[in-house]
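Some notes on the structure that comes next.
The values are calculated or read from the model by the stated rules, or taken from the named source; none is laboratory data. Predicted model only: the values in this text are computed from it and were never measured. In this analysis, Cβ positions are derived from the backbone assuming ideal geometry, glycine residues included, and neighbour counts consider all displayed protein chains. Side chains are part of the model used for accessible areas, which takes the heavy atoms of the whole protein and leaves out ligands, DNA and RNA. Shrake-Rupley method; radii C 1.70, N 1.55, O 1.52, S 1.80 Å.
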Amino acid sequence: MPVSASPESVPSESALPESVDVLIVGAGPTGLALALDLARRGVRALLVERAAELFPGSRGKGLQPRTLEVLDDLGVLAGVRAVAGHYPANLFWKDGEPQGERRMYDPTEPSEAEPYTETLMLPQWRTQRVLYGRLRELGGDVAFGRELVGLAQDADGVTAAFASGGPVRARWTVAADGGRSTVRRLLGIGMAGEDIDPATMLVADVRLADGALDRDHWHVFPAGEDLLALCPLAGTDDFQLVARFPEGTAVDATLEGIRKVVAARSHLAAGHVVDVRWASEFRPRTGLADRFRDGRALLAGDSAHVHSPAGAQGLNTSIQDAYNLAWKLAAVLSGAAPEALLDTYEEERRANAAEMLDLSTRVHRGEVRRGRATQQLGLGYRESTLSEDTRAGLPADALRAGDRAPDGRRGGVRLFDAFRGPHWTLLAVGTDADLPDLGVPAVRIPPYKAYGDGVFLIRPDGYVGWAGTTADGLESYAARHGVRGA
């Protein structure tokens, strides 16, 4: 078992580490979603955050349809919808005059199989508060002010040291501590990437004077390298400001500096900006960790992949990392599944992240529009070792093992309701085939075109794990992957 540690990482022999099943480092969207999902599965997890509070900015503000399905299963979709809003049309300005509107997203009509197709807007800090509230309802919490300074691992687990407070012993640890991940550095895992734009970007949450701009549009003041955009943030009184600066420009992110930028690039006066609630500068880049697992440590979210903010893929990919990982960790910890199940996390999520990195980069460069691909509903795991399909001669558009399991209503059953919860689901569609007792909920529905007739085993994260015309071979699959008793 590899050992990764800084010199101060190993506690003294007299120290008695706090003991948990999973240590999660970083209480952003990834860490919160993972902690929440583990909590509903009865896993003892400790979520630590080096800051004194949750991240205060709007940064990742787009929630894609597939993420809405995840949030539905986690029990927070109603809370999200109560404070989220729609993406407004872009309104372009020149010399103080509006020049016309354009929608950022190509709309897609919802269907029975895909009930959520609209990308919702919610500032990242609000998304985190909703997740945090649900985590506390389930008995979890965040340990703030805990900065990780060292990490050592052996065959049985990891021992973490902190700048303040005692050490923690965990059977597994998950890095959810962002693009500059301390855990990733301590593990010695590289991250390959590239700068995709030489410009410096400023993003800030600002309060404007009443009536300065309407809140029905995303206001864009295009001027080449001097782009300025002001987007009303749903559920708040703020606007998210994005400004682009030529390479090498020193950016002033203070109130006075932002006032000067707004006055210089728009018809607004400096005094129209009355407050700056949060600000950050960055250079758009991508990054993909060389691996997502090192022994008993796993990477998730921005610690594993860094996206351009274009296309709203980063936060969504990160939440789905957590959703993929939680059920696998729980199954291994309970003894229901072999440790090898965790190898499928990197197998599935690294390939998925690479695809989304390519997409977000192409959106940033204006090569593709935001639409079906950015919704993430078409992503799946057909090539995964967890995906087994025993049917032959399927048409090209047939649902296959590894695909997202569609929603729908048949025989008085809504499928998303049947799938909701931390369990596998055995689904028989349009068949009277005998079903084995796998110790999981079993549902029979009349024929449904979105599936085709057959037997389907739906994973806890809403993907088809196994598919067949009959249930022949299903028990063997279930035994290999810890379905029974999971």
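Determine, for the chain, the count of lysine pairs separated by eight or more sequence positions (or lying on different chains) whose alpha-carbon distance falls under 29 Å.
4
Could you tell me the center-to-center distance, by alpha carbons, between the stretch 108-153 and the stretch 220-256 in angstrom?
Cα centroid of the stretch 108-153 versus Cα centroid of the stretch 220-256: 26 Å apart.
In terms of the Cα gyration tensor, with a ≥ b ≥ c the square roots of its eigenvalues, is the chain rounded because a/c is under 1.5, prolate because a/b exceeds b/c, or oblate?
Numbers: a/c = 2.09, a/b = 1.29, b/c = 1.62.
Oblate, since a/c reaches 1.5 and b/c is not below a/b.
Output ³J(HN,Hα) for the stretch 315-331: one whole-Hz value per residue in order, computed from phi by the Karplus curve 6.51 cos²θ - 1.76 cosθ + 1.60 with θ = phi - 60°, and x for Gly and Pro.
4, 5, 4, 5, 4, 6, 4, 4, 5, 6, 7, 4, 5, 6, 4, 4, 5
Identify the trypsin sites (Lys or Arg not before Pro) of the stretch 326-359 meeting these criteria: DSSP loop state and at most 13 other C-beta atoms within 10 Å of the C-beta.
none
Can you tell me the orientation of helix 29-39 relative to the chain, as the angle in degrees between its alpha-carbon axis and the longest Cα principal axis, to the nearest 10?
So the helix axis and the longest Cα principal axis differ by about 30 degrees.
How big is the dipole moment of the chain about its Cα centre under a simple scheme where the beta carbon of each Lys and Arg is +1, that of each Asp and Glu is -1, and everything else is neutral? Debye, nearest 20, please.
For this selection, approximately 360 debye.
With a cut-off of 8 Å between alpha carbons and a minimum separation of six or more residues, what is the relative contact order of the chain in percent? Intermediate values should be presented prior to the final figure.
Working: 1087 pairs, mean separation 80.2, N = 486.
Dividing the mean separation by the residue count of the chain yields 16 percent.
For the stretch 178-300, what % of the accessible area comes from carbon and sulfur atoms, probe 1.4 Å?
46 percent
Work out how much length A398 to E97 would gain on full extension: take 0.36 nm times their residue separation and subtract the Cα-Cα distance, in nm to one decimal. Could you put the intermediate results ahead of the total?
Numbers: separation 301, 0.36 × 301 = 108.36 nm, distance 5.06 nm.
Stretched out fully, the A398 to E97 stretch lengthens by 103.3 nm.
Ignoring ligands, DNA and RNA, what accessible area per residue does the stretch 404-470 give at 1.4 Å, in Å²?
Working: 2440 Å² over 67 residues.
Heavy-atom accessible area per residue stands at 36 Å².
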